[in-house]
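Novice: One structure, as structure tokens, below. Some questions next.
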Amino acid sequence: MQRELVEKISLTQLFILVSAFLFGSAIVVGIGGEAKQDSWIAVIVACLLSIIPVWFYTFLLSRIPEKNLFEIMEIVLGKVISKVFILLYILYFFYVSARVLRDFGELIVGDMLVNTPIEVISITFMLFVAYILYLGLEVLGRFSEIYAPYLMGSIFAIGILLLFSRELHVKNVMPILPEGIGPVIGTVFPELITFPFGELVAFMMILPYASKVRYAGKTTIFALIVSGLILAYSSFVQIATLGPEAKLRSKFPLLTATGEISLWDFIERVDLIIIFVVMFGILVKVSIFFYGGLKGLELVFNRPYRAFIYPMAMIIAFMSIIISKNFAEHISEGISMVPWIIHFPFQFGIPLLLFPFVLWKAKVLKSEGKKR
Amino acid sequence: MVTIAFVFILISSTLLSILLDMHLYNLSFFQTLHFSLTLDAGTRETIVFTALITGLFASFFLDYRMSKKESREKRS
Amino acid sequence: MGWIKKILLSQKSYNQDKSLKHEQLSLGKEAPPLSKDLKENQSNIEKAFENAKDFKIENIHVGNREGMICYLNSMTDTSLLAEKIMVPLSNSSQQDRSITNLEEFESYRKEFFSGVGYHFHDKLHGLIDDVLAGYAGVIVDGQPKGLSLHVGNIEYRPIEEPSTQTVIRGPKEGFTESMDTNISLIRRRIQNTSLKFETMTVGKDTRTSVTIAYIDGVINEGILDEVKKRIKKIRTHAIFDSGNVEEYISDKNMTVFPLIYNTERPDSAAANLLEGKAVIIVNGSPFVLIAPTVFSDFFEATEDYYQSFFIGSFIRLIRYASFLIALTLPSLYVALTAFHHALIPTDLLFSLQAQREGVPFPAVIELLIMEVTFEILREAGIRMPRAIGQTISIVGALVIGQAAVEAGLVSNALVIVIALTALATFVSPIASFTAAARLLRFIFIFMAAVFGLYGILLCLFFMVAHLVSLRSFGVPYLAPIAPFIAEDQEDVFLRFPFFSNKRRPHYLKTESPLKNPESESPTPPRSKKGGGS
């Protein structure tokens, strides 16, 4: 039988996509390091705080139903102005996916394939992303269903294995909040709230395609809370294993922590297997940003989004290489500039700007609907 | 259209990255451009640029195919 | 969508072309209608069967009139012919019966040829088609219609134990090449009026019968229609095996995974029918097709259901594990020995390296040599005449074994890897499914040689994405796993006991979702008040 024209993803798939999206690169590079031993608290706080923007996104979408962010912009702002904004968003989405891809490339090159050039990793990975998006969003959803158990399972397994290896030291986490709530808030805002939680803005492109749109918002928020807690747990495990100093210094704290696992002289170097899990998270993240951008291109250039996949995938691979000279630059950009200059306007600025227009337009549409 | 999109996105995203680098390193625009586009010693330029060029050719090809299709639909 | 139009247009002209040729073929040269004149009919039939040694035509008396009977002695049972037609004919000549009009012809048939399958034809080609299918054609002078009587009973291989899906416990009958036998094998298992068989003819030149079996009221109507539509759409000149049909009706050919299940076991076919699937029986093939199918079907053997569900579930898990082993073990060997020494426990690493000391090749080449050798050996083992089968095992053991190690071509550990992989490949109950693992394995090895573990992961990702995108007659190929359907998990990785398995698979969207709603656990319910002494 024929493939449905409108792609749909089920709520389970949406839940998994949101969680994997949040784990994505956050679990690779480690988040909230500045809050020292309290980074896990910072993650929880950021997670709870970011319920507000996520709720706001779903609220915005619910005003004009069955339209994604870009379509809403087109309806609300008109064809010409909306195109400018959409192009900016496309750039944003592509830039962020290039950043995420770079995170992953650094991880593979730094830990697994020491002699392989990073561009090969970028290109092969983008080829896969292109393939799966070519097959469609539905396929991405089902694909994630298969890998989700491994993702969740191994994140918990890390903690348990570390516990059995006697590497978890609770003294590393103590004392809790020695300098009050100040440093925690400093980490939450702007770093944590924009990365990873604020990036959920990309889901404004996906949510309208959920099979039960009414529950999509709730599912997203539920997934956000669950994965926030898991991220906090993972962060806790990292601190307890490495201590706050080592965690801050380490390039990939989770991998460094799993490197400590050693059981019966047999289960060692589990970190290489963890990469498998990380790869899945990265894949979801890159794909969703990429998909968002592609949908935008579809709207702006009036061509099916599948036509753009391969060329744009190559651009992202290229971008991920020229984006920065080295890993240090990549990370420092990520901490000092990207949250303010890149994330903020797109995650909060433009949606807030849209808000009054959307409300107005929704009212107009509603009254028009009544007249008919 | 795909080609236009390709060129546009390529240029603007490179610009974006350069602007950020300018800010970070306090260099002038052209210095950063030069600095960004000369790749690290370990990086293999051929692979990077080959990939990019295949992307360009793919977009040419896609455009060609779509325009052909369109004209055929108009005729019929 | 211009290209689709183009294809459709070309298809159309092709169809017209085809129907024309088809007419010609079944008639030999031309298509004259049956005439009232016996001589003319006879000469037309003889012309059609010119130079056919197995064609027999006899002049007879039917009801005081001149007549003729013709048949192919290669397609008919001569004793049946004598018993059912010749004896009644000679009996009838003693009675004074005449055939002057059609009603009399009909009543004549009722009286003398009862109990024999028959058709009346007013076109010559219809009669000839029946003669080709094992009927005897009877034409009476002056009658505008010809009668064909079924006397076909060709010798077939008797019902034997299936040579592929063997079991220790369970029925040992297998399908044969005869479609009638196969239908009866299924009917014997499902004695129910809801079991339907519909026959179509496929193949321009071979005119092979293809039967679709299904349970009315269980199978999803949409799926059934799709099956019928696809079989009707087959445009080919020849069908020799269900494999030909499979390739024509699969959703997608660009995949190494079989999208249609095939089995030699009637019990498996019957069970699948009751689940709500369609069974396609092709005349001349002992393998029937079952559609739609999902990935997990290929890990289920009928024997799982005939023994305790504990062992059934355990073996099923073993099958999944061995599929993974067959797929990834060689590539893991390459990746670990070439890139990731750290993943190998230290002692093992030392012994591995010591073994590889004298081997002149890198691990990939070493592995590829042995893999290809094994594939050659396997192919030789199948194709080789039975009589020299002994040789192959001796030579094979020499090649993949001590000799290769001693000659310093490969290391000992590699032989273990290859042997385990080979064993694991053959665990899947369905032979056509092993092709997937056998082919993909080489891609995995290649990627592992280039990218190490990352390459393997990437391959796995590609494979899963591909699997997820597949559909078999509209049913997602990985159905109860992705999309995840919680109710269907009772028969995927584990086999739950029958009493808890009340529903038909959800993904088949059957017309009656419950199969045995009343089943209960055999354990007597524990009453709270004392109970038992």
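The values are calculated or read from the model by the stated rules, or taken from the named source; none is laboratory data. On a predicted model such as this, the values are computed, not experimentally measured, just so you know. Quick reminder, even Gly has a Cβ in these numbers, built from the backbone with ideal geometry, and neighbours come from all protein chains shown. Ligands, DNA and RNA are stripped out before the accessible areas are found, and what is left, the full protein with its side chains, is counted by its heavy atoms. Shrake-Rupley method; radii C 1.70, N 1.55, O 1.52, S 1.80 Å.
Novice: In the stretch C:40-71, which residues are part of a strand (DSSP E or B), surrounded by 20 or more Cβ atoms within 10 Å (Cβ to Cβ) and under 36 Å from the mean Cα position of the chain (by Cα)?
Specialist: Result: C:Cys70, C:Tyr71.
Novice: I need the full set of residues from the stretch A:246-284 which are assigned to a helix (DSSP H, G or I), touching a residue at least 60 places away in the same chain (Cβ under 8 Å) and open to solvent by 50 Å² or more (accessible area, probe 1.4 Å), in order please.
Specialist: Within the stretch A:246-284, A:Leu248, A:Ile273 meet the criteria.
Novice: Right, something else. Take the residues of the stretch A:47-71 that are open to solvent by 70 Å² or more (accessible area, probe 1.4 Å) and at pLDDT 85 or above: which is nearest to A:Ala216 (Cα to Cα)?
Specialist: Applying the filter and picking the extreme gives A:Trp55.
Novice: Quick check, is C:Lys36 at pLDDT below 85 and surrounded by fewer than 14 Cβ atoms within 10 Å (Cβ to Cβ)?
Specialist: Spelling it out, C:Lys36 is indeed at pLDDT below 85 and surrounded by fewer than 14 Cβ atoms within 10 Å (Cβ to Cβ).
Novice: Would you be able to say whether some residue in the stretch A:117-128 is of a type in the set (Ser, Thr, Tyr) and within 14 Å of chain C (Cβ to nearest Cβ)?
Specialist: The answer is yes, given that some residue of the stretch A:117-128 is of a type in the set (Ser, Thr, Tyr) and within 14 Å of chain C (Cβ to nearest Cβ).
Novice: Contact list please: Cβ distance under 6 Å, first residue in the stretch C:450-476 and more than 7 Å from chain A (Cβ to nearest Cβ) and touching a residue at least 12 places away in the same chain (Cβ under 8 Å), second residue open to solvent by less than 20 Å² (accessible area, probe 1.4 Å) and of a type in the set (S, T, N, Q), pairs at least six apart or on different chains.
Specialist: From the stretch C:450-476, the pairs are C:Ile456/C:Ser331; C:Ser472/C:Thr293.
Novice: Please go through the stretch C:347-379 and pick out each residue that is more than 28 Å from C:Ile394 (Cβ to Cβ) and assigned to a loop (DSSP other than H, G, I, E, B).
Specialist: C:Pro362 - this is the single residue of the stretch C:347-379 that is more than 28 Å from C:Ile394 (Cβ to Cβ) and assigned to a loop (DSSP other than H, G, I, E, B).
Novice: I would also like to ask the following. From the list C:Glu103, C:Glu111, exactly one residue is closer than 18 Å to C:Ser35 by Cα, open to solvent by 20 Å² or more (accessible area, probe 1.4 Å) and either modelled with pLDDT under 80 or not in a strand (DSSP E or B) (or both). Which is it?
Specialist: Being closer than 18 Å to C:Ser35 by Cα, open to solvent by 20 Å² or more (accessible area, probe 1.4 Å) and either modelled with pLDDT under 80 or not in a strand (DSSP E or B) (or both) holds for just one of C:Glu103, C:Glu111, which is C:Glu103.
Novice: Also, I was wondering about something else. Please find, within the stretch A:303-327, the residue that is least open to solvent (accessible area, probe 1.4 Å) out of those that are over 21 Å from the mean Cα position of the chain (by Cα) and more than 7 Å from chain B (Cβ to nearest Cβ).
Specialist: Applying the filter and picking the extreme gives A:Tyr305.
Novice: For the stretch B:13-29, state whether one or more residues are assigned to a helix (DSSP H, G or I) and over 22 Å from A:Ala98 (Cα atoms).
Specialist: Scanning the stretch B:13-29 turns up no residue that is assigned to a helix (DSSP H, G or I) and over 22 Å from A:Ala98 (Cα atoms).
Novice: What single numbered condition from (1) among the charged types (D, E, K, R); (2) buried (at least 21 other Cβ atoms within 10 Å of the Cβ); (3) in contact with a strand residue (DSSP E or B) (Cβ under 8 Å, 6 or more places away or on another chain) fails to hold for C:Glu487?
Specialist: Failing condition for C:Glu487: (2).
Novice: Would you be able to tell me the number of residues in the stretch A:133-160 that are assigned to a helix (DSSP H, G or I), farther than 17 Å from A:Ser235 by Cβ and of a type outside the set (Val, Ile, Thr)?
Specialist: 16
Novice: Can you work out which of the residues in the stretch A:134-162 that are among the hydrophobic types (A, V, I, L, M, F, W, C) and facing chain C (nearest Cβ under 10 Å) is surrounded by the most Cβ atoms within 10 Å (Cβ to Cβ)?
Specialist: Once the filter is applied, the top-ranked residue is A:Phe143.
Novice: Among the numbered criteria (1) more than 7 Å from every other protein chain (Cβ to nearest Cβ); (2) aromatic (Phe, Trp, Tyr); (3) within 21 Å of the chain's Cα centre (by Cα), which single criterion is violated by A:Phe276?
Specialist: Of (1) more than 7 Å from every other protein chain (Cβ to nearest Cβ); (2) aromatic (Phe, Trp, Tyr); (3) within 21 Å of the chain's Cα centre (by Cα), only one is false for A:Phe276: (1).
Novice: Among the listed residues C:Ser331, C:Ser432, identify the single one that is touching a strand residue (DSSP E or B) at 6+ places or on another chain (Cβ under 9 Å), part of a helix (DSSP H, G or I) and at pLDDT 80 or above.
Specialist: Unique residue meeting the criteria: C:Ser432.
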